[in-house]
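S.K.: Have a look at this one before I ask anything.
The values are calculated or read from the model by the stated rules, or taken from the named source; none is laboratory data. As the structure is a prediction and not an experimental result, all values here were calculated from the model. Positions of Cβ are generated from backbone atoms using ideal geometry, with glycine treated the same way; all protein chains shown enter the neighbour counts. Just so you know, the surface numbers come from the protein's heavy atoms only, side chains and all, with ligands and any DNA or RNA stripped out. Shrake-Rupley method; radii C 1.70, N 1.55, O 1.52, S 1.80 Å.
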Amino acid sequence: MAAYDGKTVIVTGGAKGIGAGITRAFAGEGAKVASVDIDTMAGEAIAAEGEALSGEIRFFDADVSDGDVCKKLVADVVNAFGGSVDVLCNNVGIQPTNSYLLAHEYPDDLWDRIIDVNLKSHFLMTKYCVPHMIEQGKGVIINTA
């Protein structure tokens, strides 16, 4: 029996880089993993990898900087995996190459987008996962930065 058999895990930014590694690790330990990303090709590729692991990986295409999207995403994951959320890994983060600027050259909308993805999304995903964790009396939230 693997450590996370039957547990539901959500990994934001879960289709590439560190997030893909986190997704694979949880699925390798038997978890049902929702790999959340906006990169459809990478998401479909990571989901296909789940077939070789003891758990399961499903790709969810979602921009977690939006509260309504996060609320729907959590409900969709709970419905897809039948149950609750055992682990939330807030991993998503961006640093677009067009953001390599001096502070006085930074456009407000670019700053807002980075803050929404890198910070606000952690709050939003936590907001919608915590009620499920409270209901079941346990849960884990991992924030990477």
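S.K.: Under a point spin-label approximation (7 Å from Cα along Cα-to-Cβ), what is the residue 18-residue 48 distance to one decimal in nm?
M.R.: 2.7 nm
S.K.: Turning to a different aspect of this structure: Using a 1.4 angstrom probe on the protein heavy atoms only, line up 121, 54 by accessible area, largest first.
M.R.: 54, 121
S.K.: FRET efficiency for residue 120 and residue 41, Cβ-Cβ distance as r, R0 = 30 Å, nearest 0.05?
M.R.: 0.70
S.K.: OK, next. Need one number: % antiparallel among DSSP beta bridges in the chain, to the nearest 5.
M.R.: That works out to approximately 0 percent antiparallel.
S.K.: Continuing with the same structure: Just to verify a number: what accessible area does residue 123 come out at with the full protein assembly present, 1.4 Å probe, Å² rounded to tens?
M.R.: For residue 123, the solvent-accessible surface is approximately 130 Å².
S.K.: Which value does Rg/Rh take for the stretch 50-145 over its C-alpha atoms, Rh per Kirkwood?
M.R.: 1.06
S.K.: I want to check the label-to-label distance for residue 109 and residue 1. Put each point 7 Å from Cα in the C-beta direction and report it in nm to one decimal.
M.R.: Placing both labels 7 Å along Cα→Cβ, they lie 5.3 nm apart.
S.K.: Right, something else. Suppose the chain between residue 102 and residue 72 were pulled fully straight at 0.36 nm per residue; how much longer would it get relative to their current alpha carbon spacing?
M.R.: 7.1 nm
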